[in-house]
Amino acid sequence: MIKKRNGVFLLLVICCISGCGKNSQLVENEVLTEPEYKTKSIIQENETVQVYNGWERADCPANDEGIKYVYYPHVENKIKGVSYVEDSLGYVTDYSIEAFKNINCPVGCKTVKHKSEGCESQSNFQPELEGAFTGGRGSNPLIDIRDGEKALGLGNSLVNGVFDETVVTEYEVLKQDVQAVSFAIYEDFFDAIPELTVKLYGIPVTLWEEELGNTMTFSSKQYREFKNQYCGTWENQCQDNNLDKFDLLAEKKIEKTGIYYIDYNDLHEKGDYAQILIVLNFDKEMPYTYRMCGDGIYEISDKAAYDEWKDSHMDYYIQ
């Protein structure tokens with residue numbers, strides 16, 4: 001339940017997506033008073049935001065299920081640079097990846113435009129309020145596995161204009177020096193939240209080459225089956241994963257909403273890894289809203305400046 005409120009909640013809308021404006025130092029708990037992207041009005045008659053038992057709401061695009069609104073937690077003082085769940089809705093805020101990157105860019109780094117951006121994970125629990133969505137999963141996942149470094153097919157996998165997952169093509173694992181990862185966990189909104197630990201795993205090159213070869217040419221199906229074998233299928237990641245075949249490189253308990261960082265150079269210095277994975281571990285399932293957004297991807301342009309900035313912000317690093 002929401003803090004200091006009594007309410008009965010039903011289900012949630014969940015959206016899990018497989019998979020930074022000013023170049024300034026991260027300011028602890030800085031309030032986003034002049035955001036790079038702003039929440040649009042969700043009550044068009046008077047251009048104001050209205051709160052319903054602690055929840056803001058947005059008109060839901062037309063659908064066949066009678067859903068009128070999407071609700072999300074009202075946050076009075078947002079943390080600068082954090083991507084909240086409403087940013088994922090598209091029709092609520094004017095959130096942009098470039099703004100996210102620029103706001104959260106470490107000193108001594110510059111943004112990288114990947115062919116495939118970051119990674120995201122979220123759930124958006126819906127309360128028992130007028131016109132709310134009443135279908136879907138009722139809790140956050142116990143585990144969610146995302147690509148920190150993405151494997152991207154470089155060739156053409158179309159056959160007669162239709163995607164064919166059996167076509168063998170060249171792949172590239174996209175590299176970055178640093179990644180900014182936003183966590184909105186709404187710790188001040190709910191009475192209780194699940195404990196979240198983020199773990200970073202490396203897929204050893206030896207295992208990768210054993211399963212996929214050493215030429216970086218394979219099919220989408222082969223890659224999917226490799227990931228399913230060791231990470232589990234989407235439906236059964238908790239039961240079917242074999243993450244013990246990977247190397248655990250870093251972990252951090254996320255207790256506050258904020259921006260956190262991953263230094264991939266540090267991780268690759270620990271061994272020879274083909275790909276780095278980000279794993280979210282929750283200690284229990286429950287009706288809950290959270291959002292992880294890893295759209296901030298950077299390369300180091302001034303190592304001395306970056307190292308100095310990093311040393312003063314180590315509390316925000318997943319290590």
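How would you order 253-260, 123-130, 265-272 from highest to lowest mean count of nearby Cβ atoms within 10 Å? Mind dumping the intermediate values first?
Values: 253-260: 17.6, 123-130: 20.8, 265-272: 13.8.
The packing order, highest mean first, is 123-130, 253-260, 265-272.
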Checking the cross-link filter: which aspartates and glutamates have an alpha carbon closer than 19 Å to that of K245, excluding same-chain neighbours under 8 positions apart?
D144, D147, E149, E209, E210, E211, E225, E269, D272
Just subtract the alpha-carbon distance of L142 and D191 from 0.36 nm times their residue separation and send over the number in nm, one decimal.
15.7 nm
In square nanometres, what is one fourth of the surface area of the convex hull spanned by the alpha carbons of region 162-319?
11.6 nm²
Amide H to amide H, which residues 5 or more places from G232 or on other chains are under 5 Å from it, using H placed in the peptide plane?
N242
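Just list whichever of K68/K101; K150/K310; K227/K253; K199/K284; K101/K221; K110/K199 have alpha carbons separated by over 28 Å in the model shown.
Numbers: K68/K101 33 Å; K150/K310 24 Å; K227/K253 25 Å; K199/K284 16 Å; K101/K221 32 Å; K110/K199 25 Å.
Pairs exceeding 28 Å: K68/K101; K101/K221.
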Compactness of region 230-286 - radius of gyration and Dmax, Cα, Å:
13.4, 37
Just to be sure I understand the model, the point goes 7 Å from the Cα along the line to the Cβ. What's the resulting K175 to E251 distance in nm?
2.8 nm
Calculate, in nm to one decimal, what K303 and N77 gain on full extension: separation in residues at 0.36 nm each, minus their alpha carbon distance.
78.0 nm
In this structure, the FRET efficiency calculated for V51 and E225 from their beta-carbon separation, with R0 = 41 Å, to the nearest 0.05, is 0.30
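All of the numbers you see were taken from the coordinates with simple rules; none came from a lab. If you're wondering where the values come from, they're calculated on a predicted model, not measured in any experiment. Backbone-built Cβ (ideal geometry, glycine too); neighbour counts: all protein chains shown.
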